[in-house]
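Here is the structure we will look at, set down as structure tokens.
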Amino acid sequence: GLLGPNRAGKTTLVKLLLSLARPTAGTVARLGEPIRSRRTLARVGYMHENHAFPRYLSAAEVLHFYGGLSGVPADRLGPRADALLERVGLADRRREPITRFSKGMVQRLGLAQALVNEPDLLILDEPTEGLDLFGRQLLRDVAREYKAAGKTVLLVTHVLSEVEELCDELAVVVAGKVAHRGTVAALIEPPGPNRKSLEAALRGLYQKGAEG
């Protein structure tokens, strides 16, 4: 989980991981290699909260387009796209232009697009925006499957229930610095009647960052 108040630096960090920005100080590694190594980009999947897919494309065309950009071999792309559209509940709308899709349908297509290259690092950036109950459960299932497969999911969110349910480890960024890194339990200790809620613990970290 990657948490922090607005303007803390979360988006900047994600841009660095996606090679959309370069660090002015320090170093950044992606899948164990410096971010200047572009070959690791093909092993990253990214789901944004607001997708800018060409609206005239169909759901199938979106997956084929982005799969091609990610280097998915042509002989694997068709079956992979079909399976993902079935998984996200869009198989019956696969040839329909996405200009007719609801916000939630576009979000589910965005999840399929993030998975099309079978990434080793999956970045979910405020992914639940616009998703219904089916979509939220689907997202949780995917995150758990990736964890079980030994892959990494980076969840950027303000939805604390998702954090508590899914995240093994948190990084809390405040004013461009990591204010906490560890488990959820470590952040809300001590146990017992004095145990903090996650919201209260985060509020305290955010306040300290604002003051100092």
Looking at segment 1-47 only, could you name the residues that are over 15 Å from residue 121 (Cβ atoms), in a loop (DSSP other than H, G, I, E, B) and touching a strand residue (DSSP E or B) at 6+ places or on another chain (Cβ under 6 Å)?
4, 8, 9
When you scan segment 77-90, how many residues do you find that are closer than 20 Å to residue 121 by Cα and either charged (D, E, K, R) or touching a residue at least 60 places away in the same chain (Cβ under 8 Å) (or both)?
2
Hey, residue 44 hits all of (1) open to solvent by 50 Å² or more (accessible area, probe 1.4 Å); (2) within 30 Å of residue 95 (Cα to Cα); (3) of a type in the set (A, V, I, L, M, F, W, C) but one; which does it fall short on?
(1)
What tally of residues in segment 73-120 results from selecting those that are farther than 18 Å from residue 136 by Cβ, of a type in the set (A, V, I, L, M, F, W, C) and open to solvent by less than 20 Å² (accessible area, probe 1.4 Å)?
5
Could you please give the count of residues in segment 79-103 that are assigned to a helix (DSSP H, G or I), touching a helix residue (DSSP H, G or I) at 6+ places or on another chain (Cβ under 8 Å) and not charged (D, E, K, R)?
5
Set 60, 21, 8: member being under 30 Å from residue 201 (Cβ atoms) and open to solvent by less than 20 Å² (accessible area, probe 1.4 Å):
8
Can you pull out the residues in segment 43-73 that are of a type in the set (Gly, Ala, Ser), in contact with a helix residue (DSSP H, G or I) (Cβ under 8 Å, 6 or more places away or on another chain) and free of Cβ contacts under 8 Å to residues at least 40 places away in the same chain?
60, 68
If you scan segment 162-183, which residues turn out to be acidic (Asp, Glu) and open to solvent by less than 70 Å² (accessible area, probe 1.4 Å)?
162
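The values are calculated or read from the model by the stated rules, or taken from the named source; none is laboratory data. Predicted model only: the values in this text are computed from it and were never measured. Neighbour counts are summed over all protein chains in view; Cβ atoms, including those assigned to glycine, are modelled from backbone coordinates with ideal geometry. Surface accessibility is based on the protein's heavy atoms, side chains included, excluding ligands, DNA and RNA. Shrake-Rupley method; radii C 1.70, N 1.55, O 1.52, S 1.80 Å.
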